[in-house]
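Here the structure is laid out as structure tokens; the discussion comes afterwards.
We did not get these values from a lab; they are worked out from the coordinates using the rules stated. As the structure is a prediction and not an experimental result, all values here were calculated from the model. Glycine also receives a Cβ, built like all others from the backbone with ideal geometry; neighbour counts cover every protein chain displayed.
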Amino acid sequence: MKDRIRPWNVLASRDFGLFWSSLLVSAVGSQLTSVAMAWQIYEMTNSPLQLGITGLFRAAPIILFSLTGGWLADRLDRRRLLIVTQIVALLLSLALAVLTDTGRVRVWHIYAVAFLSTAVMVFDQPARSAIIPSLVPREHLATAFALNITLRQGALLTGPFIGGVLIAWAGLSWSYYIDAASFLGVIVCLFYMRVRQTDKPPAREPALKSMREGFVFVWDHSAILALLVMDTCVSFFGAYRAMMPVFARDVLGVGPTGLGVLLGAPALGALVGSSAVMGWSGLSRKPRLIIPITLLYTLGLVFFGLSRWFALSFSVALLLGAVDSVGETLRMTIIQLLTPDELRGRVQGLVHVFVIGGPFMGHAQIGLMASAFGAPGAVIAGGVIGSAIVAIMAKRITQVQADSGGAPSLELRSDER
């Protein structure tokens, strides 16, 4: 029996440890900006629809540029690409801080920063995900990706709470200033990292042909395609986090501090979920949990929409975060193990179109639904629709297992292809 891979064994690796710790600081700062932007728009407009429209400005660059971002992650030095994206992100946060501090900020400024910062993320995330297999051994991958989710969820836990307190006591601009400063740590650590070459550099070829290879690879792999379709549909209809300012101010009456707590609850749950994944050994049984885990998530949405008690809403959000992190860890591990290194950037770019673009598009959808039926009704409807989608996908997905080489595979019935 193989020894279980412990999180601290992976973090002890100098380069992954540097990468992970620097991104943790930056992720906390980014959450300060996220909370501040959402609260600022809702305070300025009192409109759930305009709050949801922010998602359109975030979704557009993902749909437009994700394949390009993935292609660049496979063609350029990934560390240098990350340094450039961090510098641009720093400047965007600083611009929003100055506009807010001087009283010149307008709603279109926030929309513009949302668009541009997401465009930066489109080029940042594929390189960030694709560089991880160059920092850790193959047998550490599942733990490394669970740690990556722990990082993000840790930031989602502490960032919103800190952001809520900052908004209530110091004003919005401080969130943006702190976010801008947080990118400096990432830039410094990236300069000191050593990235090993895991494969020969890709041959030079036309950009469109190169990006098409990533699309064809995903299309031809039933496992990846099935996981992405299910996750995207559920995230699109269940984008409940976009309505958190409405729940905090109008449904539960807990203000900006309560908003931070509500946004932090899924992150706390996600830490528990990702820790559970890291405590399991082997991958042979994990993929089979994807369907029940996703169904539990959709049912949780219904309960969240029904709740009118802050403690209950917090508890349900906690559960949503836990099951979501388990599902994401399983999905990302499967996709990475099925993808060769020379295609990882392009595949991750396409993955981001589905798993990040879908939820951002869902922000606009749920904002429109909330304008017509209220935020609770919109979240309940999303949970019901999501449950139906999982039921449909469960009929198509018949087996998730590990193949003889240790990489998980997901087999579909013959009528699926």
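Computed quantities for the displayed model
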{"read-out": "Difference of contour (0.36 nm per residue) and Cα-Cα distance, SER47 to ALA372", "value": "115.8 nm"}
{"read-out": "Amide H within-cut-off set for LEU252, under 5 Å, with H built and near neighbours excluded", "value": "none"}
{"read-out": "Residue-wise HN-Hα coupling along the stretch 309-314, computed from phi with Karplus coefficients 6.51, -1.76, 1.60 (Hz; x: Gly, Pro)", "value": "10, 4, 4, 5, 4, 4"}
{"read-out": "Stretch gain in nm, segment VAL384-THR102, where the contour uses 0.36 nm per residue and the Cα spacing is subtracted", "value": "97.1 nm"}
{"read-out": "Spin-label pair ARG80/ALA311, simplified geometry with 7 Å Cα→Cβ offset, distance in nm", "value": "5.8 nm"}
{"read-out": "Karplus-derived 3J(HN,Hα), 6.51/-1.76/1.60, for each residue of the stretch 235-240, Hz, glycine and proline x", "value": "5, 5, 7, x, 7, 5"}
